[in-house]
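Values quoted throughout were computed directly from the atomic coordinates according to the rules given, and no laboratory measurement underlies them. What you see is a predicted model, and the numbers here were worked out from it, not measured in a lab. A quick note on method: Cβ atoms are made from the backbone with ideal geometry, for glycine too, and the neighbour counts reach across all protein chains shown.
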Ligand code: MIG
């Protein structure tokens with residue numbers, strides 16, 4: 001074991017000879033050997049036990065089910081294509097091994113290790129957090145700090161800045177698996193326009209490809225794709241095509257041929273390209289651990305960028321494998337052997353399980369290999385890096401292709417480190433009320449692990465959504481950086497106009513509200529990323545009272561808002577816990593009705609035709625008029641909604657939204673200060689954003705007195 005010191009409060013312990021994952025960018029210097037914590041080494045594995053005190057909370061672990069407080073549950077890090085997010089599931093698509101144990105003393109831990117880790121967070125014994133690491137070569141980072149909030153900020157600093165998408169990526173996106181051809185896509189676009197619902201782009205699922213082949217476009221369904229894409233783009237609409245991890249095995253298909261010629265694919269135990277079966281039938285998996293493969297695969301996005309495409313989603317990169325030939329053969333053989341027999345129940349179960357357990361079997365991941373610096377590793381040994389390195393490859397390739405232009409890039413699988421290359425969507429949820437609630441809980445946990453460009457499939461992926469659920473879900477999603485309504489093939493249509501007139505009107509107003517709030521959401525996103533702070537926080541990160549620790553379905557958006565969505569069918573409102581006095585805002589109300597809420601729990605009415613949030617005292621948020629897309633947004637007349645008793649400050653961040661010039665200091669700031677002076681307010685604005693001409697203030701105090709003020713900027 002070796003000890004490294006990253007700074008005063010962060011140490012790293014190195015065990016054995018770990019694979020360098022690239023998760024951490026701030027490397028420390030070798031320090032005095034210190035006591036490591038209690039690690040028990042067993043054959044090929046090791047165990048760590050952390051004592052939990054009765055008041056300790058556990059935060060983090062990113063893309064996982066369960067509560068914000070992770071205690072009392074089991075989790076596993078082993079990237080998995082899990083299509084059904086039920087309560088018994090312990091792992092999803094990503095491996096986010098950062099967590100914080102927080103009580104009288106708080107400490108953060110990051111296990112930098114590329115394959116399986118199991119976490120029993122006080123499930124079996126509530127007094128112990130048991131961690132089982134499936135290997136003996138890893139780093140553990142230990143971060144000290146005064147509380148969980150401070151510790152997350154310190155962690156964000158050592159893993160480096162999150163990926164930053166263009167501003168248009170903060171618009172509203174429509175998606176569905178099963179928009180069969182360009183006419184259907186066009187129809188979706190036209191229906192949004194006809195109904196005057198803002199729309200930034202449409203995601204293209206597998207349907208656009210020719211036989212599920214990466215970097216191909218179906219001539220039959222999407223002929224003239226380049227023109228089609230450019231026509232839409234000229235109208236301000238972006239197309240975001242999907243790319244899968246597996247490359248179809250088919251001679252004459254350029255990507256396959258190049259992959260073979262360049263030796264870019266993972267190998268089986270005989271050294272031949274490994275064959276798994278996914279969408280296109282047999283596929284090879286690019287070996288993203290090799291730099292040559294990264295460069296090659298990344299350069300293939302050119303086929304799409306040449307058509308004017310600037311947004312992409314990388315799917316099935318756990319990697320998901322439907323089956324392996326041999327396993328299917330065994331299942332078939334067993335079935336044939338049993339044919340015509342009078343099966344007892346166990347043989348019948350065996351027969352059935354042979355087929356249902358074909359997907360993503362652990363044995364597949366042990367049977368194909370990567371090359372890292374000339375050394376061979378089975379996928380199982382580096383499993384959790386696959387989606388990360390695929391997305392890194394995409395990012396590096398697209399950066400070259402689009403030069404100084406920012407792009408949208410999300411991935412399904414990830415581990416920490418990938419946050420610098422792309423965002424994620426949270427995978428195949430269902431159109432269930434409980435999954436709306438799950439969405440809320442996952443957001444702060446993802447931020448803690450470095451992921452900021454995040455969002456769930458709004459309305460739910462699996463199953464049939466109804467208008468009420470879609471509306472309620474939008475009431476939350478309009479606050480998440482990635483706002484995408486997406487659903488599975490075979491499920492009912494889920495576009496805002498697919499339901500009743502009432503649903504159409506309500507969802508339209510909500511999507512418009514997203515555009516009204518876009519300057520605020522973009523500003524908070526950029527500030528969070530640049531300052532290494534959380535955009536979404538559990539209440540307990542700000543408030544130290546006991547109730548705040550137990551609230552799981554309300555979260556804070558930066559330093560201004562508390563969001564408390566309705567997550568139950570038929571409810572006309574909900575109980576909301578106020579950790580301090582706040583201003584209730586009905587943002588969609590014509591008169592923007594507000595009222596003061598005292599500290600404590602209160603029932604809040606929240607209709608389907610509204611967007612509610614709670615503004616913290618001495619704070620403000622900016623908003624503007626909505627438009628049909630981000631390109632058309634006009635900030636000339638900025639409005640500010642403020643709740644001020646004493647003094648409030650807001651720094652509105654902005655930049656060109658397209659290039660990386662902001663890294664060279666080319667950004668705008670509108671610093672607004674509101675100071676209470678008896679019955680009036682003094683306003684100071686320090687502004688270098690020429691697009692803002694006028695600011696209209698709506699300032700409310702703790703007596704709910706409203707003052708309207710307007711200033712013109714010189
Ligand atoms: O096995 O491309 O999570 O968003 O629509 C399903 C089809 C494959 C899984 C993704 C989902 C996408 C779907 N994909």
Margin query: So if I take the centroid of the Cα atoms in the range 518-589 and the same for the range 293-346, what is the distance between those two points in Å?
Written below: 40
Item checked: Packing-based exposure ordering (other Cβ within 10 Å, fewest first) of 25, 240, 247 -> 25, 240, 247
Notebook entry, point to check: If you take the alpha carbon radius of gyration of the range 195-260 and divide it by 2.2 N^0.38 Å, what ratio comes out, to two decimals?
Noted result: 1.32
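Direction-averaged shadow area of the convex hull around the Cα atoms of the range 494-537, nm²?
Mean projected area of the Cα convex hull: 4.0 nm².
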Notebook entry, point to check: If each Cα of the range 89-153 is one equal point scatterer, what is log10 of I(q)/I(0) from the Debye formula at q = 0.13, 0.14, 0.23 Å⁻¹?
Noted result: -0.40, -0.47, -1.13
Note to self: Given bins 5 angstrom wide, list per bin the percent of all Cα-Cα distances in the range 74-182, short to long.
What the structure shows: 2, 9, 14, 15, 18, 16, 11, 7, 5, 2, 1, 0
Checklist line | For the range 513-560, the Rg and Dmax computed from alpha carbons only, in angstrom | finding: 12.4, 36
Check: Let a ≥ b ≥ c be the square roots of the eigenvalues of the Cα gyration tensor of the range 580-628; is it rounded (a/c under 1.5), or, if not, prolate (a/b larger than b/c) or oblate?
Finding: oblate
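Can you list the equivalent-ellipsoid semi-axes of the range 510-650, largest first and in whole Å, using the square root of 5 times each Cα gyration tensor eigenvalue?
Square roots of five times the eigenvalues give 24, 19, 15 Å.
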Check: In the P(r) worked out for the range 129-239, what percent of Cα pairs fall beyond 20 Å?
Finding: 60
Next item on the list: Can you tell me what the convex hull of the Cα atoms of the range 308-360 projects to on average, as an area in nm²?
Entry: 5.6
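Whole number please: convex hull volume per residue of the Cα set in the chain, in Å³?
Values: hull volume 125.8 nm³, N = 714.
Looking at the chain, the number lands at 176 Å³ per residue.
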Item checked: Helical mean residue ellipticity (222 nm; -39500 (n - 2.57) per DSSP H run of 4+; nearest 500) of the chain -> -7500 deg cm²/dmol
Notebook entry, point to check: P(r) of the range 348-466 in 10 Å steps, Cα pairs, percent per bin?
Noted result: 12, 28, 32, 23, 5, 1
Next item on the list: In whole angstrom, note down how far apart the Cα centers of the range 130-149 and the range 30-61 are.
Entry: 6
Notebook entry, point to check: Going out from 0 in 10 Å bins, what whole percent of all Cα-Cα distances in the range 558-714 drops into each bin?
Noted result: 10, 35, 33, 19, 4, 0
Checklist line | Folded to 0 to 90 degrees: helix 386-402 orientation relative to the chain principal axis, Cα | finding: 60
Next item on the list: State the volume of the convex hull built on the alpha-carbon positions of the range 458-548, expressed per residue in Å³ and rounded to an integer.
Entry: 127
Note to self: Under 20 °C and 1.002 mPa s, how fast does the range 287-406 diffuse according to Stokes-Einstein, given a Kirkwood radius computed over C-alpha pairs? Answer in µm²/s, whole number.
What the structure shows: 125
Check: Using the 10 angstrom Cβ neighbour count as an exposure proxy, how do 435, 419 rank, fewest first?
Finding: 435, 419
Notebook entry, point to check: Could you state the principal axis extents of the C-alpha atoms in the range 176-307, from the largest down, to the nearest angstrom?
Noted result: 58, 25, 22
Next item on the list: Compute the Rg/Rh shape ratio of the range 244-353: radius of gyration over Kirkwood radius, all on alpha-carbon atoms.
Entry: 1.14
Checklist line | Cα-based equivalent ellipsoid of the range 1-149: semi-axis lengths in Å, sorted from largest, via gyration tensor | finding: 24, 19, 15
Check: Once the Cα gyration tensor of the range 149-189 is found, what semi-axes does its equivalent ellipsoid get, as square roots of 5 times the eigenvalues, in whole Å, sorted largest first?
Finding: 39, 11, 9
Item checked: Residue order, fewest to most beta carbons within 10 Å, for 249, 566 -> 249, 566
Note to self: Please compute the contact order of the range 77-227 in relative form: average sequence separation of alpha-carbon pairs under 8 Å and at least six residues apart, divided by the residue count, as a percent.
What the structure shows: 15
Margin query: Given contacts defined as C-alpha pairs under 8 Å and at least six residues apart, what's the relative contact order of the range 622-714, whole-number percent?
Written below: 29
Note to self: Sort 325-334, 691-700 by the packing proxy (mean of other Cβ within 10 Å over each peptide's residues), most packed first.
What the structure shows: 691-700, 325-334
Notebook entry, point to check: Can you give the Kirkwood hydrodynamic radius of the range 238-292 from its Cα pairs, in Å with one decimal?
Noted result: 11.8
Next item on the list: Quick one: compute the contact order of the range 476-529, relative version, from alpha carbon pairs under 8 angstrom and 6+ residues apart, as a percent.
Entry: 37
Margin query: Is the C-alpha gyration tensor of the range 623-713 telling us rounded, prolate or oblate? Criteria: a/c under 1.5 is rounded; beyond that, a/b larger than b/c is prolate, otherwise oblate.
Written below: prolate
Margin query: Report for the range 1-156 the percent antiparallel among DSSP-assigned beta bridges with both residues inside it, nearest 5.
Written below: 100
Note to self: Rounded to whole Å, give me the distance from the Cα center of the range 664-714 to that of the range 252-282.
What the structure shows: 59
Item checked: Cα-based shape type of the range 1-83, given that a ≥ b ≥ c are square roots of the gyration tensor eigenvalues and the cut on a/c is 1.5 -> prolate
